[in-house]
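Trainee: The following block contains the structure, expressed as structure tokens.
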Amino acid sequence: MTKFKKVSALLLVIAMLFSQVVFAEGEAVVVINGAGVEKELSLTLDELKAMPEEAQIDEEYIYNSKTGEKTVTVKGVSLAYVLRELAGLKVEEAEVAMVASDGYPIDPQMLTDIMAESLKYVIAYEVNGLAIDNDENPETDEIVVYRKVKESGEFGTVFKLVAEITVGEAIEPIVEEPVVEDPVAEEPAAVVFTDLTDEFAFAKSAIEGLAQKGIVNGKGNDLFDPAGSFTRAEFCKIAVVSLGYELVEYKGGFSDVKASDWFAPYVQTAVDNGIFTGYPDGTFMPIKVINRQEIAAVAGRAAVMAEVVAQEKLNKFVMEKSNYEDKLLVPEWAANEVAWLEAQGVFAGVAEGQFQPTKVVNRAEAAVIVYNTLFAEQDL
């Protein structure tokens, strides 16, 4: 090989390597950030297309719509690859929030689902051989996130106009042992927790009031863990105990709840009384942490069941009259409840200015919402 050919070949190799590392100039189509990753990414369409073969996905995806099942050929990059290899995951389990550029609410996804090979979450830049255009503006670049269908007939597997993907802090599932004492037994003596610092002063009376009623428990050693979170299963128990319902036997209606689970009777009791609902795919997601829009919906339903407010009156409260700056992000299924709770001052100290409907509720905030909704007037 001549010296000229050797130099040309070397320059070609360098150019190929450089194209894999240096991002092309252009406007980002998706931003990836959050406490759960080491590095924030702003990815353009060209950068997605230039990623190595091991990151690329080109295969059929099935999704369900109101008109029936549809199949499309999707090209894009693996979201799991981007998070693991480029953003640098720091957590094993977390809630992943997706924000759409048009403000349409997207249910949070669990990191374990995104990293599961069977679900193949893909940042798609091409569908059926065509560039994506969901905003009806060919001048803008867009992506859509698809995932594989878990069960036949499942909805919610396509997320359009995704502009930001945020990986939250690590979730450490807390499994509480079932309470064996009678929930209507004599009220215990006043409960004092030593970790209710000034940061959580707004929730002190609510936490101690609910603990005295046997509705919430501490974590032992006089600690409440106010910054921790409640799972959907744990909050089922709180709702059921707050309303004084008698537990019923689990009927086996959810694929991810077993009769032997401590929370099974609480789930069944809450569902039977219309306090909680499951998901369209037949799951209940008992270990998923509860967020603001979910806890608001549950609290509002509980208020109706406890006859704090009539359903007809609650339905008259609408988000159009809300003072929250992000009121348009509140989904329709929780809108009346959020609006009514806001008007009653239930969210005092919890949500000011913005409601942030998909934000995870910590244990202190959850106690305030439950107490202000169901017990504040009783204890005056």
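Every read-out reported here was derived from the displayed coordinates using simple, explicitly stated rules and does not represent laboratory data. Here the structure is a predicted model, which is why all the values come from computation and not from measurement. Virtual Cβ from ideal backbone geometry, glycine too; neighbours counted across all protein chains shown.
Trainee: Using a 10 Å cut-off around each Cβ, can you sort 242, 255 from fewest to most neighbouring Cβ atoms?
Mentor: Listed from fewest to most nearby Cβ atoms, that is 255, 242.
Trainee: When the C-alpha atoms of segment 248-323 are aligned to their principal axes, what extent does each axis show, in angstrom, from largest down?
Mentor: Each principal axis gives a Cα extent; for segment 248-323 these are 44, 23, 19 Å.
Trainee: Using only the alpha-carbon atoms of segment 198-374, report the extent along each of the three principal axes, biggest first, to the nearest angstrom.
Mentor: Taking the Cα atoms of segment 198-374, the three principal extents are 44, 40, 27 Å.
Trainee: Name the residues whose placed amide hydrogens come within less than 5 Å of the amide hydrogen of residue 110, ignoring near sequence neighbours (fewer than 5 apart) on the same chain.
Mentor: 96
Trainee: Can you work out D for segment 25-167 in µm² s⁻¹ from Stokes-Einstein, where Rh is the Kirkwood radius over C-alpha pairs, the temperature is 4 °C and the viscosity is 1.567 mPa s?
Mentor: For the chosen part, D equals 85 µm²/s.
Trainee: Taking the Cβ-Cβ separation of residue 58 and residue 258 as r and a Förster radius of 51 Å, what is the calculated FRET efficiency to the nearest 0.05?
Mentor: In this case the efficiency is close to 0.85.
Trainee: Return 42, 229 ranked ascending by Cβ neighbour count within 10 Å, so the fewest neighbours appear first.
Mentor: 42, 229
Trainee: Between residue 84 and residue 312, what length in nm is gained on full extension when 0.36 nm per residue of separation is reduced by their alpha carbon distance?
Mentor: 77.2 nm
Trainee: Which net charge results for the neighbourhood of residue 323, defined as the other residues with beta-carbon distances under 10 angstrom from its beta-carbon, given Lys and Arg at +1 and Asp and Glu at -1?
Mentor: Around residue 323, the charge tally is -1.
Trainee: Cα to Cα, under 20 Å, and not fewer than 8 places away if on the same chain: which lysines meet these conditions relative to residue 251?
Mentor: 237
Trainee: Another one. So how tilted is helix 332-343 from the main axis of the chain? Cα-based, degrees 0 to 90, rounded to 10.
Mentor: For helix 332-343, the angle is close to 50 degrees.
Trainee: Suppose R0 equals 22 Å; then what is the FRET efficiency for residue 49 and residue 28 from their Cβ-Cβ distance, rounded to the nearest 0.05?
Mentor: It comes out at approximately 0.95.
Trainee: P(r) tail for segment 100-143, what percent of Cα pairs lie past 11 Å?
Mentor: Result: 75 percent of Cα pairs exceed 11 Å.
Trainee: Using a 7 Å offset from the Cα along the Cα-to-Cβ direction at both residue 164 and residue 251, what is the distance between the two label points in nm, to one decimal?
Mentor: 4.2 nm
Trainee: In the chain, what is the volume of the convex hull around the alpha carbon atoms, normalised per residue and reported in Å³?
Mentor: For the chain, the hull spanned by Cα atoms encloses 190 Å³ per residue.
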